[in-house]
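Each remark here refers to the structure printed beneath this line.
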Amino acid sequence: MGIELTQVDTIIDKYGADQRALISLLLDVQDQFYYLPQDALERVAEKLGVPDIQVYQAARFYKAFSLKPRGKHLVTVCLGTACHVRGGARIVEQIGRLLHILPGETTEDRLFTLQMVNCLGCCALGPVMVVDGTYYGNMVASKIDRVFKKYQALETGVRDTVQEAANE
Ligand code: FES
C-alpha cells in the first residue's frame, strides 16, 4: 500500500530538514502511519541529504520503531512465567477469536496489532494485557471483549465526528 509522501514532507519541513532531528522526525512519521514505511524512510534520507543506510540503522536500532505495518493500537500480552501460569495463553486465544489475528499480526482494518512479551515487570497483576501503554491486570477472557469495544467505539466516534464535519 502506497503512502502519502506529502505527509512525510510536512513532517520533514517541521524540523527544517535538520539531520540532528532524525529520531524525532522518525517518531512523528511513525505516529502518522503507525510504522515506518520504506518509502517514508527513503524520502527522509533524500530530504535530509544522508545515506539511506543511516536512516535504516536508526530505525532498526530503537525498539520503539517498527518497520512492519502496525495497527493504530498496539496490544501486548505477557506470556512470562507468572502470567502464563495464570492463564496468559487463554488471553491470547480469546484475542485471536475476537480479532482474527495471531501474535505478530495486524487486523485487516489496521486498528490492532498483537504482540507477546516475556515479562512486563508487574507479575502480581498477571495475566497482564497492555493496550497503548494502558495496563489491564488480572485479565480474564470474558473481559477482553469490553476492552476492545472501548477502542472500537472510540474509533467510530472519531469517524462520525469527521463525517459530520465533512457534511457541514
Ligand atoms: S510474567 Fe507477566 S508481568 Fe511478569
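Observations on the model:
- By the beta carbon rule, with partners counted only under 4.7 Å, the chain holds these lone Cys residues: Cys119, Cys122, Cys123.
- Largest mean-square fluctuation among Leu26, Leu98, Leu154, in a Gaussian network model of the chain whose springs join Cα atoms under 10 Å apart, belongs to Leu154.
- Sorting 59-66, 7-14 by their mean Cβ neighbour count within 10 Å, with the most densely packed peptide first, gives 7-14, 59-66.
- Among Leu36, Gly137, Phe148 - extreme Cα towards positive end, dipole of the chain, charges at beta-carbon: Gly137
- Expected 222 nm ellipticity per residue - DSSP helices of 4 or more, -39500 (n - 2.57), all of the chain, to 500: -16000 deg cm²/dmol
- Calculated FRET efficiency for the pair Glu4/Glu46, C-beta based, R₀ 25 Å, to 0.05: 0.95
- Note on the chain: with a GNM built from Cα contacts shorter than 10 Å, the maximum mean-square fluctuation among Glu155, Glu42, Glu105 falls on Glu155.
- Considering only alpha-carbon pairs that sit under 8 angstrom and 6 or more positions apart, the relative contact order computed for region 15-163 is 20 percent.
- Compared with the dominant Cα axis of the chain, that is its longest principal axis, helix 22-33 is turned about 60°.
Each value in this text was obtained by applying a stated rule to the coordinates, not by laboratory testing. Computed from a predicted model, the values in this text were never measured in an experiment. No Cβ is skipped: glycine too gets one built from the backbone with ideal geometry, and neighbour counts run over all protein chains shown.
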